[in-house]
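The values are calculated or read from the model by the stated rules, or taken from the named source; none is laboratory data. Not measured: the values here are computed from a predicted model. Here Cβ is always computed from backbone atoms with ideal geometry, including for glycine, and neighbour counts include all displayed protein chains. Surface areas here come from the heavy atoms of the whole protein model, side chains and all, with no ligands, DNA or RNA. Shrake-Rupley method; radii C 1.70, N 1.55, O 1.52, S 1.80 Å.
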Amino acid sequence: KHFKAWSYNGFHLVPLWLKDDYDIPTNNHALFLDPGMAFGTGNHESTRMCIEFMVDDTNSKICGDSFVDLGCGSGILSLSAHLLGFSKVLGFDNDEDAVRISSENASVNNLQNHVQFQVIDLNNMNPSLGKFDYVAANIQADILISNAERILSLSKQNSVIILSGILTNEVDQVCDCFKNLKHDSGIQINLKRMGEWASVRIIKSDCE
């Protein structure tokens, strides 16, 4: 009822039931999605802002090859990441239904061999997951703050971190938290606002 197709700078997000009727322009990317029970149709402001950041960053070539999505929901950010050019993509969630639905959406888009989904609890995350060029966490402000060190631990020395699911009246608190943790390193912070929601892009440039 509420899931409508939308596009941004050549990237299209389309409900699965419109797959045969939606015209994709040449050289554009399209993701077909059935959100099922999981959060994430792409119509929510927090998800749209994440995708806008991702599209802009891949178009400007400021990001690398690896991408991780914390709290993957329906898999929208992970699947979008592969379409936008990331070669190593991992999405994880502590909800088994979310991981199942993400995997189903990967199959619908013929991406099942390109994007990995796992059931992982952020609180019990294994360090062996490694570090990534691009980290996305579309969760909510209190969880982002309480897990800030874990989120940063997934990012490479030079990387991009997208934080979303943040109400505009909470965004300063989230930014301050990450600034304080990276007080000895260079970070650049950009904000997007849409309605009552905000998203944060952190460009991290360490000198370790």
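Points to keep in mind about this one:
Every residue, every condition in (1) within 22 Å of Leu31 (Cα to Cα); (2) touching a Leu at 6+ places or on another chain (Cβ under 8 Å), yes or no:
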site	(1), (2)
Asn113	yes, no
Tyr134	yes, no
Ile145	no, no
Lys156	no, no
Ile166	no, yes
Glu170	no, no
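- Total residues in the stretch 103-130, condition open to solvent by 40 Å² or more (accessible area, probe 1.4 Å), touching a residue at least 40 places away in the same chain (Cβ under 8 Å) and under 17 Å from Ala81 (Cβ atoms): 1
- Scanning the stretch 146-160 for residues that are farther than 13 Å from Phe92 by Cβ and either in contact with a Pro (Cβ under 9 Å, 6 or more places away or on another chain) or open to solvent by 50 Å² or more (accessible area, probe 1.4 Å) (or both) yields Ser146, Glu149, Ser153, Lys156, Gln157, Asn158.
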